[in-house]
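One structure is given below, encoded as structure tokens.
Please treat every number below as a calculation from the coordinates, not as lab data. Note that the structure is a prediction, hence the values are computed from the model and not measured. Cβ placement follows ideal geometry from the backbone for every residue including glycine, while neighbour counts extend to all protein chains displayed.
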Number of protein chains: 2
Amino acid sequence: MSDPESFRSCAIGLLTTEYFDNIDTFIEEAIDSGHDFVSTPIVHSRYKRVLKTKDNDSWKNSPVYDRDDLVVRKPNWSDAVVGTLSNWLELDSTDQNTRINSELALKQELAWACHLGLFAVMTPPLSDTTTSISNLARVINHNVGSMAVTQMWVRVLMDKNNQAWKKWNQFRSLAEHNPRIHVALELPKELPEDDLLLDTWIAEPIKSVIVPADIFISNNKGYPVLPKPHQTYLKKLMHRIQPQIIVTLPDVNIHPSAAPSSYQEYIRYLNRNLPEMNDVDRFASGYHDYLQAPLQPLMDNLDNSMYETFERDPIKYQQYEKAVYHALLDRVEHDSDYVSTIMVVGAGRGPLVNCCLRAAEKAERKVHLYALEKNPNAFVTLQNAKAEIWHDKVTLVFADMRKWKPETKCDILVSELLGSFGDNELSPECLDGAQKFLKEDGISIPASYTAYVTPLASSKLYNEVAAYKDVTHFETPYVVMFQQVCELAVSKPVWTFEHPNKTIEQDPENNLHNNRYSQTKFDMIPQDMIMHGIAGYFESVLYKDVMISIHPDTHSPGMFSWFPIFFPLRTPLQVAQGSTITLDFWRTTDAKKVWYEWSVTVESSNGNDSSISPIHNPSGRSYWVGL
Amino acid sequence: MSDPESFRSCAIGLLTTEYFDNIDTFIEEAIDSGHDFVSTPIVHSRYKRVLKTKDNDSWKNSPVYDRDDLVVRKPNWSDAVVGTLSNWLELDSTDQNTRINSELALKQELAWACHLGLFAVMTPPLSDTTTSISNLARVINHNVGSMAVTQMWVRVLMDKNNQAWKKWNQFRSLAEHNPRIHVALELPKELPEDDLLLDTWIAEPIKSVIVPADIFISNNKGYPVLPKPHQTYLKKLMHRIQPQIIVTLPDVNIHPSAAPSSYQEYIRYLNRNLPEMNDVDRFASGYHDYLQAPLQPLMDNLDNSMYETFERDPIKYQQYEKAVYHALLDRVEHDSDYVSTIMVVGAGRGPLVNCCLRAAEKAERKVHLYALEKNPNAFVTLQNAKAEIWHDKVTLVFADMRKWKPETKCDILVSELLGSFGDNELSPECLDGAQKFLKEDGISIPASYTAYVTPLASSKLYNEVAAYKDVTHFETPYVVMFQQVCELAVSKPVWTFEHPNKTIEQDPENNLHNNRYSQTKFDMIPQDMIMHGIAGYFESVLYKDVMISIHPDTHSPGMFSWFPIFFPLRTPLQVAQGSTITLDFWRTTDAKKVWYEWSVTVESSNGNDSSISPIHNPSGRSYWVGL
């Protein structure tokens, strides 16, 4: 992969509302003043005359432009042009003739834009809430089907009370989340103060952000700069979405020292000065919003490159080492000759063995280790390490921890079997088998882990799943590095597993004690939103106060071994302001497998159920983890 | 088809809550006292002990009954037994162990019921709104998958404030409208007074109605009878749904003259005395809730049996005759020698020709008729009629009315090209072609037609469409004789076509004037409901005040030529009390076809959008009518 920073750089365009006679001059000037592209009307406003065309006019049979009707007449520069669609079209006119002429003229305009190969076209801003947009949505949705190269952007002017989002939400719901329809988000002079309202847009399919000249203020040298809230938000958009940015020039000189290049220069300055990427960012670049099927480590063997990747985590093994260190200190007195037995179950290529050895050295306690591994390939690496480094300090065991019958019991049982949702790689089932190795008063590291969930909006993730066009993919959880997402609430715990589990007998005949069911409520959702699925995280107590966590509020800084997990919803749910979202989550098992089922209920503030999803993945029909 | 009345007769069962030691005796007594089946617990309440089973008890690995734990022990009578599932199960207990034991015990009970081959099993009544039913829904939904013969009924006690319906609605939404899950509806002592609330249940998948003894009152001879509202509603249920009826016997003697047989006798008496079926009922029996694809009369030729069926309508041709009669009276003075030219376009086998001839005779006006038909098979019948009956009074023309160039023009143009939605068999397009036959001041019969729509609930129709498991069938309208449906509001007009259309020129080059778009709002939906689709009707002015209509409020009595049309929704929408439902409907055309698109928005009473359907059938991808 190339420089992970480079993907954050944004192209900048210049928007005009003028109908230039010679658009080439405008484009040349825009590029000379440092812009990458322009946004201009395609068709002249004089073409508005066609709205009055009567039924018996031949234009209706085959609409055609005169040369003078066009602003963009030739395909030169076409990949540097975003066409703005005529703002005089009345797609939702109650007058049938006006409406039909508008449909014909829009179709004609889109056909022309596609013929020229324009990079994108952009609608006029979605009107306020009183006007219907149903027919506009239908006609755009119909026409994008035949747009191969040219992108369709719906322009939306952000507002403080979320009306713009509701209008856009209505548009895309009518168009059934058509992945060919994107948003051009125009920033207003006053940004909403509510962070959630700003973040809502992050989950939308934004391709472009419009930053008009009049939202700039002058700095003390008279140059245009953005107010602090706009800076912060625009940088966030750049970091998360990498949109095309579009600026305008002011009609009159409102920033004394401004040149035509000043606005784009300032934006580029912001773009160059995004916060530095941390280890997690760097590791994650290229994985953003990419759906990975969760691992099936019991059924499949991890390959070497995966071990390689996971072993590079700078934080996880540090925490394990700390946990083992404190466990040894608590368990064995200083200067004691007692040799603690530590068993590392699922030792892989040995990173936890090294942790334990370092911890013992630091704690000045004597230990003997067992390293248990079922993967024959990883076991070769363990043999190498024993021969070259560990020698007698470590006994190797090639076995499945659920089957092995040890001759001795251990003081500390160490494992790293956790998945993004804690128990989803079947740590509970594995440790049920391994806990018989542990002395009555022995310590399991980890001691417990808890799964967390929260409702999530993400147009991008929804469309990634929808692209498979089947129910199976909508009933499968994915491991994903979240990027264009918005959490609707702070996540909450669903269930916990503790080890050792004292309530079960050795080698239990059934797995029912590892079933879980939890109903989690999120009250008073603060604004209208859409929900595309559920985000899942885990938090684990390794030993006493030594934790690892991928829960956003307690995330172990710099730990990159786990991305969150995403449970999709087959149909996105509308969530009105003040609603309560209830998540029902099940962990279910039979003799051969483990799976999750989930459903969502949205109850409006007045107590009427507004929507209830079906139970996803009933009986594990689409997704399960093999035992 | 056999006697159309017979399908309305209902089987009657006797319900007990006792745990009989000898269930055979009870069943024999029930049958001796005239019942067709019984409903009884399957498992004894003493089996409740298993709820306390701990993780290390072997029952968890393989639950098994002692003989004494069972009420129904043998498969005798099994097809006359509806098993009531144990009412002590706690599927939604917050105690994990109790919940899991309940799941195991329920699964065991269902397996036993299926093993015996019981006719059906019935859950305990769904509890009040405060208790969660998510896990119950999940477990039932999971287990019905393996129930081949035995039906699953969810028992619901109807109430006055719709809470019971909401609970059921939640259950079946979680179970994704699983067609294997039915309702056993228990009538309460006091029925809701609101008819709509009663009718809501008609749209649900009811298999059984429970009529407990204590809702009966004594008549003046001391026999149990139902109060008037219960009589009316039960008869409606019998007429529309033909449920199994279940009665109970009172614990103490509350009806002085009652014998064990009295309750079922009374129900049978009601069942025998349903209102007589009218012509439409009789014609429609066997077609109830059966989905028919709408006709494509332009692309396909009707066959003889269809002509036969449609010509039998006693009302339609009476209305046409009346319309022609009045048109002739208005157009030609008494005693005039003027010979009016009438063209029947789409004459089929000639019924409208006969109407016109009868009208002329009755009006004492001279006429000459042209009968135009494109179907070569029907044309043979017309030739026979001309040779044998009509002779010189009728000129036959074998042609498509959109192509024919007549030598003379007519005074009256008569057609019967209407479909269930008015324009859906392309009457507008056909008459555009035919109106050039008409004199400047000529009359078209029909003069106009209007399409009507209303939101509809029908679990049955939804599941019929869902059974095809594709989007195409969810985006196709169907002609259906409605039976188990409930309209959510009174229907409203969407658009009208008038003939002749003076705004278009002869042989228009495009069909844009026949496009339509309409947004129809239904305010203040009076209670919580579910919406599965849209019902469509038409009303047509043949001439002045001579109408035909299939709109429920103005339905021409006895006319059976048209069933309503049903536009499905891909995902049922929850509609909260007080909501506004907006229907967007489009009639769209291109050079080769005509199609509809539709979408639905439900806005809650506080103005927040609660749900927006996608636009169905975009670009006519799933359904269209060929020109």
Mind checking which chain B residue has its Cβ closest to the axis relating B to A, and how many whole Å off it is? B:SER610, 2
Using a label point 7 Å beyond Cα on the Cα-Cβ vector, give me the inter-copy distances for A:ALA467 in nanometres, one decimal, shortest first. 3.7
Candidate lysines - alpha carbon under 22 Å from B:LYS52, same-chain residues fewer than 8 apart omitted: A:LYS502, B:LYS60, B:LYS107
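Write down the percent of antiparallel bridges among all DSSP beta bridges whose residues are both part of chain B, to the nearest 5.
On the way: 58 of 110 bridges.
Percentage antiparallel, nearest 5: 55.
For A:ALA591 and B:ASN220, what is the calculated FRET efficiency with R₀ set at 45 Å and r taken between the beta-carbons, to the nearest 0.05? Intermediate results must be reported in sequence, preceding the final value.
Details: r = 65 Å, r/R0 = 1.44.
Calculated value: 0.10.
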Averaged across B:167-174, how many Cβ atoms of other chains sit within 10 Å of each residue's Cβ atom? 3
Between the label point of A:GLU364 and that of the same position in each other copy, find the distances and list them shortest first in nm, with every label point placed 7 Å from Cα along the Cα-to-C-beta direction. 13.3
Taking +1 at the Cβ of each Lys and Arg and -1 at the Cβ of each Asp and Glu, which of A:PRO406, A:VAL339, A:GLY350 sits farthest along the dipole of the range A:306-416 towards its positive end, judged by Cα position relative to the Cα centre? A:PRO406
Before anything else, pin down the relative contact order of chain A: Cα pairs under 8 Å, at least 6 apart, normalised by residue count, whole percent. 11
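Would you mind counting up the charge near A:ARG349? Only other residues with Cβ under 10 Å from its Cβ, with Lys and Arg at +1 and Asp and Glu at -1. Each step should come with its number before you reach the end.
Details: positive: none; negative: A:GLU308, A:GLU311, A:GLU373.
Local net charge: -3.
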C-alpha long axis of helix B:134-144 to longest principal axis of chain B, angle in °: 80
Within 10 Å of each candidate Cβ there may be at most 10 other Cβ atoms; applying that plus a DSSP loop requirement, which GluC sites (Glu not before Pro) in the range A:8-90 survive? A:GLU18
Mean per-residue count of partner chain Cβ within 10 Å for A:132-144 equals 4
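Within a Cβ distance under 14 Å of B:SER102, other residues only, what is the Lys/Arg minus Asp/Glu net charge? Please report the intermediate quantities before stating the final value.
Numbers: positive: B:LYS48, B:ARG49, B:LYS52, B:LYS60, B:ARG99, B:LYS107, B:ARG138; negative: B:GLU90, B:ASP92, B:ASP95, B:GLU103, B:GLU109.
Net charge around B:SER102: +2.
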Where the centroid of each part is defined by its Cα atoms, how far is the range A:501-560 from the range B:165-225 in Å? 41
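Which order do the peptides A:282-294, A:404-416 come out in when sorted by mean C-beta neighbours inside 10 angstrom, highest first?
Working: A:282-294: 16.0, A:404-416: 18.7.
In descending order of packing, they fall as A:404-416, A:282-294.
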When each copy gets a label point 7 Å from Cα toward the beta-carbon at B:PRO179, what are the spacings between them in nm, shortest first? 3.1
So how far, in whole Å, is the C-alpha centre of the range B:569-627 from the one of the range A:440-459? 43
Just name one of A:TYR452, A:VAL380, A:TYR462: the one whose Cα is farthest towards the positive end of the charge dipole of the range A:354-505 (beta-carbon charges, Lys/Arg +1, Asp/Glu -1). A:VAL380
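Would you tell me the mean number of C-beta atoms belonging to other protein chains that fall within 10 Å of each C-beta in A:610-621, as a whole number? Could the numbers behind the result be given before it?
Details: counts 12, 8, 12, 4, 10, 11, 1, 0, 9, 6, 1, 2.
For this peptide, the per-residue mean of nearby foreign Cβ atoms is 6.
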Based on DSSP H runs of at least 4 residues, each adding -39500 (n - 2.57), what is the mean residue ellipticity at 222 nm of chain B after dividing by all its residues, to the nearest 500 deg cm²/dmol? -7500 deg cm²/dmol
Would you mind counting up the charge near A:PRO455? Only other residues with Cβ under 14 Å from its Cβ, with Lys and Arg at +1 and Asp and Glu at -1. -4
Can you tell me the FRET efficiency between B:SER305 and B:LEU196 if r is taken as the Cβ-Cβ distance and R0 is 45 Å, rounded to the nearest 0.05? 0.70
Taking the 0 to 90 degree range and rounding to the nearest ten, how far is the long axis of helix B:316-331 tilted relative to the main principal axis of chain B, both from C-alpha atoms? 30
Restricting to the protein assembly as shown, compute how many DSSP beta bridges are antiparallel as a %, nearest 5. 55
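So how do A:176-189, A:44-57 stack up, highest first, on mean other-Cβ count within 10 Å? Walk me through the numbers before you get to the answer.
Numbers: A:176-189: 19.9, A:44-57: 15.4.
Taking the mean over residues of other Cβ atoms within 10 Å, the ranking is A:176-189, A:44-57.
With a 10 Å radius around each residue's Cβ, average the other Cβ atoms per peptide and rank A:322-333, A:372-383, B:559-570, highest first. Display every interim value, and only then the final one.
Working: A:322-333: 20.0, A:372-383: 18.3, B:559-570: 22.6.
Put in order of decreasing packing, that is B:559-570, A:322-333, A:372-383.
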